[in-house]
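Structure first, then comments.
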Amino acid sequence: MVSLFSQSVFHGALSPPCLCCVKQKDQFDNLEKHTQWGIDVLEKYIKFVKERTEIELSYAKQLRNLSKKYQPKKNSKEEEEYRYTSTRAFLATLNEMNDYAGQHEVISENMTSLITGELTRYVQELKQERKSHFHDGRKAQQHIETCWKQLEASKRRFERDCKEADRAQQYFEKMDADINVTKADVEKARQQAQLRHQMAEDSKAEYSSTLQKFNSEQHDHYYTHIPSIFQKIQEMEERRIVRIGESMRTFAEVDRQVIPIIGKCLDEITKAAESVDHKNDSQLVIEAFKSGFEPPGDIEFEDFTQPMKRTVSESSLSNSRAEGKYEPKFGGKSKGKLWPFIKKNKGAGPEDFSNLPPEQRRKKLQQKVDELNKDIQKELDQRDALTKMKDVYIKNPQMGDAASVDHRLAELGQNIEKLRIEVQKFEGWLAEVEGRLPARSEQSRRQSGLYEAQHSPAVNSCAQDRESPDGSYTEEQSQETEMKVPATDFDDEFDDEEPLPTIGTCKALYTFEGQNEGTISVAEGEMLYVIEEDKGDGWTRIRRNEDEEGYVPTSYVEVYLDKNAKGAMTYI
């Protein structure tokens, strides 16, 4: 069956042989150009897929880096933030994006192996096959051209011999008719004519044989060899077209295979988003920052129309430090100087976390107890393991010396004992805090305040001297027995302290009634000076003038810090 390629080539098969060879050569050139164009298209598609795989890898790498960048750092404050549902949902999104990136890596790997690798090998095979087919075509073309040249040479020789024989015959007839020519010359002319006739017959026979051979070769060439070569080229080209179509289908299938997994990643992100619970997050904030303070009670009326002792009130800003035997006379720089401004821990906090509000202190102490218990459990596990090892050594001395672990067992015993002592210490502090929560009501404190001041002034003054506005304690224990000195001496003790420099200003967003010791009342819109930032307990220390300073809730003010501020401000 003649191929479509050969049909197009032999559309003018009745043309002279030389013209057919020229047309055939032109067709070979056209087919060679077309098949080379097909290979170029295939290589272009390979390059396209290769660049797509590089894009997928780059995208996957960028997604992984992005996910890693926003992952919480170990043992950092960020890790604590991931107890909220919103941040946990964000963490789940980061993890899913990491899996999402993995699917793009799968796309790249599959396209590289199934398309780029396979097509690259196929192109090499295709080039070799194409080269072989066109080599056979050129060889067949050269063979038929050689046969044609032989036929032409035989034909010209036959034509020449025929002309020579005709001339020799005419010369013989002329010599034979001339009576003046000798008989020997006539005989010579006759022999020459016969020789030429014989040569013409031989050339005729050779030409006839060559012609038959050429016709046979030409028939085989145009109806067998060349159609077969063209058929192979056609099949090769069709295979190339089918192969590139299959590769394009694979290109789509590789993407389609990962769609379910990508969809699952997106579903997990949606699920994480739906798990965000604003109520739960708000409750966590409340639990994290509640101070444990009781709201202050009502301030009692103080009647100045008749001389009488002022009632002791722990919630008043002008709270006295003693029982009524003397009345503190705050004057000059001493006015308004209350407990928080006597001494402030600026370095690491005390071991018992007494610088924190009650609720925060309880949480810290509980956390410390839990950590110590974990350490004890680790030491116990190690001791149990070493004890078992020692038993094995005792039963099987060849495995090791039982005495070699005694030193380590003794160390573990000492460590466990130290840790248990630490646990008892922190549990004592924890019991103390939990015993004070909830504290007595403000009214009951007022009712018992005078009685306590009269019967235990030293103890009462000690508690007031060490307790901060949030119920915590300082290290000013040396002042516990100094309350019986005159009030003026008490004030003078702190007059020499340099006032803290201002570090900025703030604006009161809301009105705050500072009724606890160490706090200060502010009015909405009032501008004040900031002398100490919030240290994480929710309180900011401010100053109104040289005589009035105290703590206000950080959420009640808008702070404008001046990092270049040095020294105290000058007040007008």
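Things worth noting here:
- Pairs with Cβ under 7 Å, 6+ apart, first in region 138-158 and over 14 Å from Asn215 (Cα atoms), second among the hydroxyl-bearing types (Ser, Thr, Tyr) and open to solvent by less than 20 Å² (accessible area, probe 1.4 Å): Arg157/Ser203; Phe158/Ser203
- Flag if Ile229 is surrounded by 18 or more Cβ atoms within 10 Å (Cβ to Cβ) and in contact with an Asp or Glu (Cβ under 7 Å, 6 or more places away or on another chain): yes
- Scan of region 40-57 for residues that are under 21 Å from Glu237 (Cβ atoms), touching a residue at least 60 places away in the same chain (Cβ under 8 Å) and open to solvent by 40 Å² or more (accessible area, probe 1.4 Å), ordered by number: Val41, Glu43
- Yes/no for Ala205 being more than 60 Å from the chain's Cα centre (by Cα), of a type in the set (Gly, Ala, Ser), assigned to a helix (DSSP H, G or I) and crowded, with 16+ Cβ neighbours inside 10 Å: no
- Evaluation of Thr250 against the conditions (1) under 23 Å from the mean Cα position of the chain (by Cα); (2) of a type outside the set (Gly, Ala, Ser); (3) closer than 26 Å to Ser113 by Cβ shows that the sole unmet condition is (1).
- Which listed residue is among the charged types (D, E, K, R) and modelled with pLDDT of 95 or more, from Glu96, Glu80, Glu32, Glu54: Glu54
- Some residue of region 81-88 being over 20 Å from Ile261 (Cβ atoms), in a helix (DSSP H, G or I), in contact (Cβ under 8 Å) with a residue 24 or more places away in the chain and of a type in the set (D, E, K, R): yes
- Residue count for region 144-188 satisfying the condition of being open to solvent by less than 60 Å² (accessible area, probe 1.4 Å), of a type in the set (Asp, Glu) and not in a helix (DSSP H, G or I): 0.
- Residue check, Asp267 open to solvent by 60 Å² or more (accessible area, probe 1.4 Å) and modelled with pLDDT under 90: no
- Meets criteria (modelled with pLDDT under 90, polar (S, T, N, Q) and surrounded by 15 or more Cβ atoms within 10 Å (Cβ to Cβ)) for Asn545: no
Residue-by-condition table, conditions (1) at pLDDT below 80; (2) of a type outside the set (D, E, K, R):
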residue: Tyr326; (1), (2): yes, yes
residue: Gly331; (1), (2): yes, yes
residue: Lys335; (1), (2): yes, no
residue: Pro340; (1), (2): yes, yes
residue: Arg362; (1), (2): no, no
residue: Ala402; (1), (2): yes, yes
residue: Val405; (1), (2): no, yes
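Residue by residue, here is whether (1) open to solvent by less than 60 Å² (accessible area, probe 1.4 Å); (2) within 28 Å of Glu287 (Cβ to Cβ); (3) under 40 Å from the mean Cα position of the chain (by Cα) holds:
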residue: Leu356; (1), (2), (3): yes, yes, yes
residue: Lys364; (1), (2), (3): no, yes, yes
residue: Val369; (1), (2), (3): yes, yes, yes
residue: Leu372; (1), (2), (3): yes, yes, yes
residue: Arg383; (1), (2), (3): no, no, no
residue: Lys388; (1), (2), (3): no, no, no
residue: Ile394; (1), (2), (3): no, no, no
residue: Pro397; (1), (2), (3): no, no, no
residue: Glu417; (1), (2), (3): no, no, no
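- All positions within region 506-519 that are within 11 Å of Val557 (Cβ to Cβ) and either open to solvent by 50 Å² or more (accessible area, probe 1.4 Å) or modelled with pLDDT under 90 (or both): Lys507, Leu509, Tyr510, Phe512
- Residue match in region 122-139 (condition: of a type in the set (Phe, Trp, Tyr), over 29 Å from Glu237 (Cβ atoms) and either open to solvent by less than 70 Å² (accessible area, probe 1.4 Å) or touching a helix residue (DSSP H, G or I) at 6+ places or on another chain (Cβ under 7 Å) (or both)): no
- Within region 522-537, considering residues that are small (Gly, Ala, Ser) and modelled with pLDDT of 90 or more, the one farthest from Pro296 (Cα to Cα): Gly525
- Candidate set from region 159-180 (those that are closer than 21 Å to Leu211 by Cβ and of a type outside the set (A, V, I, L, M, F, W, C)); member that is farthest from the chain's Cα centre (by Cα): Glu164
The values are calculated or read from the model by the stated rules, or taken from the named source; none is laboratory data. Computed from a predicted model, the values in this text were never measured in an experiment. When we count neighbours, we look across all protein chains shown, and the Cβ atoms used for this are built from the backbone with ideal geometry, even at glycine. Just the protein is used for accessible areas: all its heavy atoms, side chains included, with ligands, DNA and RNA removed. Shrake-Rupley method; radii C 1.70, N 1.55, O 1.52, S 1.80 Å.
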